[in-house]
Amino acid sequence: MRYFITFSYDGSNFCGYQRQPRERTVQKVMEDALKEISGGDSVSVCASGRTDALVHAINQKATFDLKKEISPEKLYRALNSLLPDDVYVKKVQVVNDDFHARFNAIGKEYIYKINMGEYDPIERNYVYQYNKRLDVVEMERALKYLEGVHNFKAFTKTNEENKDDYERKIIQATLIRNYKDVNKVTISLLGTGFLRYMVRNIVGTLIEIGEGKRKSEDIITILESQDRRQAGKTAHPEGLYLKDVFY
(Lines give C-alpha, C1' and ligand atoms only; values in the text may rest on other atoms or scores of the structure.)
Protein backbone atom coordinates (compact mmCIF):
# COMPACT_ATOMS: atom_id res chain seq x y z
CA MET A 1 0.00 0.00 0.00
CA ARG A 2 1.28 3.46 -0.89
CA TYR A 3 1.21 6.27 1.64
CA PHE A 4 1.57 10.01 1.15
CA ILE A 5 2.77 12.10 4.08
CA THR A 6 3.12 15.78 4.88
CA PHE A 7 5.86 16.51 7.41
CA SER A 8 8.01 19.30 8.80
CA TYR A 9 11.52 19.37 10.14
CA ASP A 10 14.08 21.62 11.74
CA GLY A 11 17.16 21.21 9.54
CA SER A 12 19.61 22.61 12.11
CA ASN A 13 21.02 19.21 13.11
CA PHE A 14 20.63 17.40 9.79
CA CYS A 15 23.10 17.01 6.92
CA GLY A 16 20.23 17.59 4.53
CA TYR A 17 17.26 15.48 3.51
CA GLN A 18 18.90 12.81 1.36
CA ARG A 19 20.39 9.70 2.96
CA GLN A 20 24.20 9.79 3.16
CA PRO A 21 26.65 7.25 4.60
CA ARG A 22 27.42 7.90 8.29
CA GLU A 23 25.46 11.16 8.32
CA ARG A 24 22.27 12.14 10.13
CA THR A 25 19.69 12.98 7.47
CA VAL A 26 15.92 13.39 7.42
CA GLN A 27 15.48 10.49 5.02
CA LYS A 28 17.50 8.21 7.28
CA VAL A 29 15.53 8.90 10.46
CA MET A 30 12.25 8.57 8.52
CA GLU A 31 13.27 5.26 6.96
CA ASP A 32 14.60 3.95 10.28
CA ALA A 33 11.23 4.66 11.91
CA LEU A 34 9.33 2.97 9.07
CA LYS A 35 11.63 -0.06 9.23
CA GLU A 36 10.65 -0.54 12.86
CA ILE A 37 6.96 -0.08 12.05
CA SER A 38 7.17 -2.60 9.19
CA GLY A 39 8.77 -5.28 11.35
CA GLY A 40 12.28 -5.01 9.96
CA ASP A 41 11.51 -4.54 6.28
CA SER A 42 13.47 -1.75 4.59
CA VAL A 43 11.30 1.11 3.33
CA SER A 44 12.36 3.66 0.71
CA VAL A 45 10.94 7.15 1.27
CA CYS A 46 10.67 9.32 -1.87
CA ALA A 47 10.33 13.02 -1.03
CA SER A 48 9.16 15.83 -3.30
CA GLY A 49 12.81 16.93 -3.45
CA ARG A 50 15.91 17.16 -1.34
CA THR A 51 16.90 20.00 0.94
CA ASP A 52 20.48 20.83 1.86
CA ALA A 53 22.13 20.77 5.28
CA LEU A 54 20.62 23.26 7.77
CA VAL A 55 17.61 23.98 5.50
CA HIS A 56 14.14 23.60 7.05
CA ALA A 57 10.80 22.33 5.76
CA ILE A 58 7.31 23.39 6.81
CA ASN A 59 5.30 21.12 4.51
CA GLN A 60 7.61 18.59 2.87
CA LYS A 61 5.84 15.73 1.08
CA ALA A 62 6.86 12.12 0.53
CA THR A 63 5.53 8.76 -0.64
CA PHE A 64 6.49 5.23 0.39
CA ASP A 65 5.14 1.69 0.20
CA LEU A 66 4.44 -0.70 3.08
CA LYS A 67 3.81 -4.42 2.64
CA LYS A 68 1.21 -4.47 5.36
CA GLU A 69 -1.86 -2.26 5.55
CA ILE A 70 -1.92 0.23 8.40
CA SER A 71 -4.61 2.86 8.86
CA PRO A 72 -3.45 6.46 8.29
CA GLU A 73 -4.35 7.36 11.88
CA LYS A 74 -2.32 4.48 13.33
CA LEU A 75 0.65 5.18 11.05
CA TYR A 76 0.53 8.87 11.96
CA ARG A 77 0.76 8.03 15.67
CA ALA A 78 3.42 5.37 15.19
CA LEU A 79 5.69 7.61 13.12
CA ASN A 80 5.51 10.54 15.51
CA SER A 81 6.23 8.26 18.47
CA LEU A 82 9.43 7.00 16.81
CA LEU A 83 10.75 10.08 15.03
CA PRO A 84 13.14 12.49 16.80
CA ASP A 85 11.84 15.78 18.13
CA ASP A 86 13.06 17.77 15.11
CA VAL A 87 10.80 15.89 12.65
CA TYR A 88 7.01 15.80 12.79
CA VAL A 89 4.47 14.12 10.52
CA LYS A 90 1.43 16.35 10.04
CA LYS A 91 -0.73 14.15 7.83
CA VAL A 92 -0.85 10.60 6.44
CA GLN A 93 -2.94 9.62 3.41
CA VAL A 94 -3.42 6.47 1.35
CA VAL A 95 -2.88 7.13 -2.38
CA ASN A 96 -2.91 5.20 -5.64
CA ASP A 97 0.15 3.10 -6.41
CA ASP A 98 1.05 5.33 -9.36
CA PHE A 99 1.18 8.53 -7.29
CA HIS A 100 4.69 9.87 -6.62
CA ALA A 101 5.59 12.76 -4.32
CA ARG A 102 8.28 14.05 -6.67
CA PHE A 103 7.01 13.32 -10.16
CA ASN A 104 3.42 14.40 -9.53
CA ALA A 105 4.35 17.74 -7.98
CA ILE A 106 3.33 20.74 -10.09
CA GLY A 107 4.75 23.53 -7.92
CA LYS A 108 6.72 24.48 -4.83
CA GLU A 109 7.06 27.51 -2.61
CA TYR A 110 10.28 28.39 -0.82
CA ILE A 111 10.70 31.23 1.65
CA TYR A 112 13.90 32.84 2.92
CA LYS A 113 14.01 34.87 6.15
CA ILE A 114 16.46 37.74 6.73
CA ASN A 115 17.15 39.77 9.88
CA MET A 116 18.51 43.24 9.13
CA GLY A 117 18.50 44.27 12.79
CA GLU A 118 20.69 43.41 15.74
CA TYR A 119 22.16 39.91 15.87
CA ASP A 120 19.78 37.47 17.56
CA PRO A 121 21.45 34.30 18.87
CA ILE A 122 18.06 32.71 19.56
CA GLU A 123 17.16 32.85 15.86
CA ARG A 124 20.60 32.12 14.46
CA ASN A 125 19.51 28.73 13.08
CA TYR A 126 16.21 29.95 11.63
CA VAL A 127 16.78 33.43 10.18
CA TYR A 128 19.80 34.65 8.22
CA GLN A 129 21.52 37.14 10.52
CA TYR A 130 22.57 39.73 7.96
CA ASN A 131 22.35 42.45 10.65
CA LYS A 132 22.59 45.47 8.31
CA ARG A 133 20.09 47.56 6.41
CA LEU A 134 19.15 46.55 2.89
CA ASP A 135 17.36 48.48 0.17
CA VAL A 136 14.25 46.29 0.21
CA VAL A 137 12.49 48.43 -2.42
CA GLU A 138 15.23 47.73 -4.95
CA MET A 139 15.18 44.04 -3.99
CA GLU A 140 11.44 44.02 -4.55
CA ARG A 141 11.92 45.45 -8.04
CA ALA A 142 14.51 42.80 -8.81
CA LEU A 143 12.17 39.99 -7.80
CA LYS A 144 9.66 40.99 -10.49
CA TYR A 145 12.27 40.35 -13.20
CA LEU A 146 12.42 36.73 -12.04
CA GLU A 147 8.75 36.03 -12.67
CA GLY A 148 7.84 34.04 -15.75
CA VAL A 149 9.69 31.34 -17.68
CA HIS A 150 13.48 31.77 -17.75
CA ASN A 151 16.68 29.80 -18.12
CA PHE A 152 18.10 29.76 -14.57
CA LYS A 153 21.50 28.30 -15.43
CA ALA A 154 23.20 31.34 -13.87
CA PHE A 155 21.56 30.54 -10.53
CA THR A 156 22.44 26.87 -10.13
CA LYS A 157 25.40 24.57 -9.60
CA THR A 158 25.72 23.79 -13.27
CA ASN A 159 28.08 20.84 -13.05
CA GLU A 160 25.48 18.86 -11.09
CA GLU A 161 22.43 19.60 -13.22
CA ASN A 162 21.11 18.31 -16.53
CA LYS A 163 22.78 20.56 -19.08
CA ASP A 164 19.63 20.71 -21.21
CA ASP A 165 17.15 21.45 -18.43
CA TYR A 166 17.67 24.85 -16.83
CA GLU A 167 14.29 26.32 -17.74
CA ARG A 168 11.88 26.93 -14.88
CA LYS A 169 8.79 29.06 -14.31
CA ILE A 170 8.55 31.42 -11.34
CA ILE A 171 4.85 32.07 -10.81
CA GLN A 172 5.26 34.66 -8.09
CA ALA A 173 8.29 36.31 -6.47
CA THR A 174 7.58 38.60 -3.53
CA LEU A 175 9.25 40.33 -0.63
CA ILE A 176 7.11 40.21 2.51
CA ARG A 177 7.64 42.87 5.16
CA ASN A 178 7.13 42.12 8.83
CA TYR A 179 5.18 45.13 10.10
CA LYS A 180 5.61 44.04 13.71
CA ASP A 181 9.38 43.99 13.28
CA VAL A 182 10.65 46.24 10.47
CA ASN A 183 14.05 44.55 10.62
CA LYS A 184 12.64 41.24 9.33
CA VAL A 185 11.84 40.45 5.70
CA THR A 186 10.86 37.23 3.98
CA ILE A 187 11.48 36.45 0.32
CA SER A 188 8.92 34.08 -1.23
CA LEU A 189 9.45 32.21 -4.49
CA LEU A 190 6.58 30.18 -5.92
CA GLY A 191 7.44 28.16 -9.01
CA THR A 192 6.93 25.00 -11.00
CA GLY A 193 10.30 23.66 -9.89
CA PHE A 194 13.72 24.68 -8.64
CA LEU A 195 17.30 23.75 -9.48
CA ARG A 196 19.89 22.94 -6.84
CA TYR A 197 20.97 26.06 -4.88
CA MET A 198 18.71 28.14 -7.14
CA VAL A 199 16.83 29.87 -4.31
CA ARG A 200 19.95 30.54 -2.24
CA ASN A 201 21.81 31.89 -5.28
CA ILE A 202 18.88 34.16 -6.11
CA VAL A 203 18.78 35.42 -2.51
CA GLY A 204 22.53 36.00 -2.50
CA THR A 205 22.14 38.14 -5.62
CA LEU A 206 19.20 40.01 -4.12
CA ILE A 207 21.28 40.82 -1.04
CA GLU A 208 23.97 42.35 -3.26
CA ILE A 209 21.23 44.42 -4.92
CA GLY A 210 20.01 45.47 -1.47
CA GLU A 211 23.57 46.47 -0.58
CA GLY A 212 23.74 48.75 -3.61
CA LYS A 213 26.43 46.66 -5.33
CA ARG A 214 24.05 45.86 -8.19
CA LYS A 215 20.90 47.35 -9.71
CA SER A 216 17.56 45.56 -9.84
CA GLU A 217 17.65 45.33 -13.64
CA ASP A 218 20.96 43.45 -13.44
CA ILE A 219 18.80 40.36 -12.93
CA ILE A 220 17.96 40.48 -16.65
CA THR A 221 21.63 40.49 -17.66
CA ILE A 222 22.44 37.67 -15.24
CA LEU A 223 19.62 35.49 -16.57
CA GLU A 224 20.68 36.12 -20.17
CA SER A 225 24.33 35.32 -19.40
CA GLN A 226 23.52 31.76 -18.26
CA ASP A 227 26.78 32.06 -16.33
CA ARG A 228 26.90 31.20 -12.62
CA ARG A 229 29.86 33.55 -12.17
CA GLN A 230 27.64 36.52 -13.02
CA ALA A 231 25.25 35.93 -10.09
CA GLY A 232 25.85 36.63 -6.40
CA LYS A 233 27.19 34.42 -3.64
CA THR A 234 25.13 31.53 -2.33
CA ALA A 235 23.10 32.73 0.66
CA HIS A 236 23.47 30.94 3.99
CA PRO A 237 21.22 27.87 4.39
CA GLU A 238 19.62 28.57 7.78
CA GLY A 239 17.17 31.19 6.46
CA LEU A 240 15.70 28.84 3.85
CA TYR A 241 12.44 26.89 4.21
CA LEU A 242 10.54 24.61 1.87
CA LYS A 243 7.14 26.06 2.67
CA ASP A 244 4.86 23.89 0.55
CA VAL A 245 4.51 21.52 -2.40
CA PHE A 246 1.51 21.55 -4.74
CA TYR A 247 -0.17 18.74 -6.71
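The values are calculated or read from the model by the stated rules, or taken from the named source; none is laboratory data. For clarity, every value in this text was computed on a predicted model and none was experimentally measured. Please note: Cβ atoms are built from the backbone with ideal geometry, for glycine as well, and neighbour counts cover all protein chains shown. Calculation scope for accessible area: heavy atoms of the full protein, side chains included, ligands and nucleic acids excluded. Shrake-Rupley method; radii C 1.70, N 1.55, O 1.52, S 1.80 Å.
Kindly report, to the nearest 10 Å², the accessible surface of residue 208 as traced by a 1.4 Å probe over protein heavy atoms only.
The value for residue 208 is about 30 Å².
Throw me the Rg/Rh for segment 140-247, computed over C-alpha atoms with Kirkwood Rh, two decimals.
With Rh from the inverse mean 1/r over Cα pairs, Rg/Rh is 0.95.
Could you state the principal axis extents of the C-alpha atoms in the chain, from the largest down, to the nearest angstrom?
58, 42, 33
Please list, in chain and number order, the residues 5+ apart from residue 90 or on another chain whose amide H is under 5 Å from its amide H, with Hs placed from the backbone.
Hits under the 5 Å cutoff: 6, 7, 8.
Among bridges DSSP assigns within segment 1-131, what percent are antiparallel (round to 5)?
Expressed as a percentage, antiparallel bridges in segment 1-131 total about 90.
So, for the chain, what is the accessible surface per residue at a probe of 1.4 Å, expressed in square angstrom?
Value for the chain: 51 Å² per residue.
Which lysines, if any, have their Cα less than 23 Å from the Cα of residue 169, not counting same-chain residues under 8 positions apart?
61, 108, 113, 144, 153, 157, 215, 233, 243
Between residue 101 and residues 5 or more places away or on another chain, which pairs have amide H atoms under 5 Å apart, with H built 1.01 Å from N, and which residues are they?
63
Considering only the other residues whose Cβ falls under 15 Å of the Cβ of residue 230, what net charge follows from Lys and Arg at +1 and Asp and Glu at -1? List each step's numbers first, then the result.
On the way: positive: 153, 157, 213, 214, 215, 228, 229, 233; negative: 208, 217, 218, 224, 227.
Result for the local shell: +3.
Share of segment 120-184's accessible area from carbon and sulfur, percent, 1.4 Å?
Carbon and sulfur together cover 46 percent of it.
So, in Å, what gap is there between the alpha-carbon centers of segment 94-122 and segment 6-32?
One Cα centre to the other: 15 Å.
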